[in-house]
Structure formats: C-alpha cells, structure tokens
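Where a number appears in this text, it was derived from the coordinates with a stated rule and is not lab data. Because the structure is predicted, anything quoted here is derived from the model rather than measured. Don't worry about glycine lacking a Cβ; one is built from the backbone with ideal geometry, like all the others, and counts go over all protein chains shown.
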Amino acid sequence: MKVKEIMSAPVICTRADASIADIATLLARHQISAVPVTDESGAVIGLVSELDLLARRGKLARDIMSPGIISVNEEANVEDVRFLLIERRIRRVPVLAGQKLIGIVSRSDLIRQMAAQWYCDICGESAREEHPPDQCPKCRAPSARFAQDEHPPGN
C-alpha cells in the first residue's frame, strides 16, 4: 500500500513568522498535535508540535520549530513510514510531491488503516486494508461485494 492511499490531506500548516498563540489556537481548533512550518514557496522548513509549544521558548514558529524534518513522497510504501515512525520515534511524516507539501501520515493514520476490515458478502473472506480489495482472493468476487463490518457474514 502506498502513502498516498492513507495520508491525511489537505494539511493544516503555518508560516515561520506565526505567533506562538496563533499556533496554539490552530492546534486546538483543528484538534491536531503538530503543524508543519512552510516557507513562501510552500516547502516544509520545520514542524511545531505540542511538545515544542510547551518546552521551548520563543515568540514565533521559527523560534521553537523542529528543523530537519523527515519526509516521504506519495509513492513511498506504508511499511517504510511505519518503520520511520517506530525507529525514529516520531509521530508524523510530511508527504511531499517534489518540494510541495501534499499530505501527512501520522501514527493515527496507520492505526486507522490497521482497523479497516472488509468482508466478502459471498464467502466471508476478510481483508484488512484501507479500501476493499479489487477481488476476493478466495472466491474471486469483485470489489463491490466487499463490505466493511465488525463481524463476518454468518457470525
């Protein structure tokens, strides 16, 4: 599965000259835990998280942001992002197309993807994916025969 299939978009972001109060308001209003910081061209130059707001001193995003962001492109494999989140102990990875920010993948995006379960309404075969499979691997029923459910048919 590719990152573009599970990333959150559009991304709420801010500029380097945004005030700390404005960033706090942005996080609270959108119920997010961090915001990418972009330059005039839209390139990601840093990230401000809740921890940055609480632990660092400064008046503007540029004063407290974490620079040197790890990012991926939209064609990256979800497993590669999972590895980054675990091994680097980070909570989110911006998704870029060239230098342009097009999405973000967070731990919660991966958890949502893990929780999605589809069942074939013909044979009951299950698939754990964000979207139903193109066809059932067991009975070859088309994608349209899959439904997202908590329990397989007949149970």
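What the table shows:
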| quantity | calculated |
| --- | --- |
| For N73, distant residues with modelled amide H under 5 Å away | L96 |
| Cα gyration tensor shape of segment 64-152, rounded if a/c is under 1.5, else prolate or oblate by comparing a/b with b/c | prolate |
| Estimated 222 nm signal from helices in the chain, with DSSP H stretches of n ≥ 4 weighted -39500 (n - 2.57), rounded to 500 | -7000 deg cm²/dmol |
| Qualifying trypsin sites (Lys or Arg not before Pro) in segment 47-96, DSSP loop, other Cβ atoms within 10 Å at most 15 | R56, R57, K59, R88, R89, R91 |
| Listed residues E79, E40, E129, most fluctuating in the chain (Gaussian network, C-alpha, under 10 Å) | E40 |
| Shape of segment 1-87, Cα gyration tensor, a/c cut at 1.5 | prolate |
| Helix 20-30 axis, angle to the chain major axis (alpha carbon atoms, nearest 10°) | 20 degrees |
| Shape category assigned to segment 1-41 from the gyration tensor of Cα positions, a/c cut at 1.5 | oblate |
| No Cys partner within the rule (Cβ under 4.7 Å), the chain | C13 |
| Ranking of V3, V81 by count of other Cβ atoms within 10 Å, fewest first | V3, V81 |
| Beta bridge orientation in segment 1-62: antiparallel %, DSSP, nearest 5 | 75 percent |
| Along each principal axis, Cα extent of the chain, largest first, Å | 60, 31, 26 |
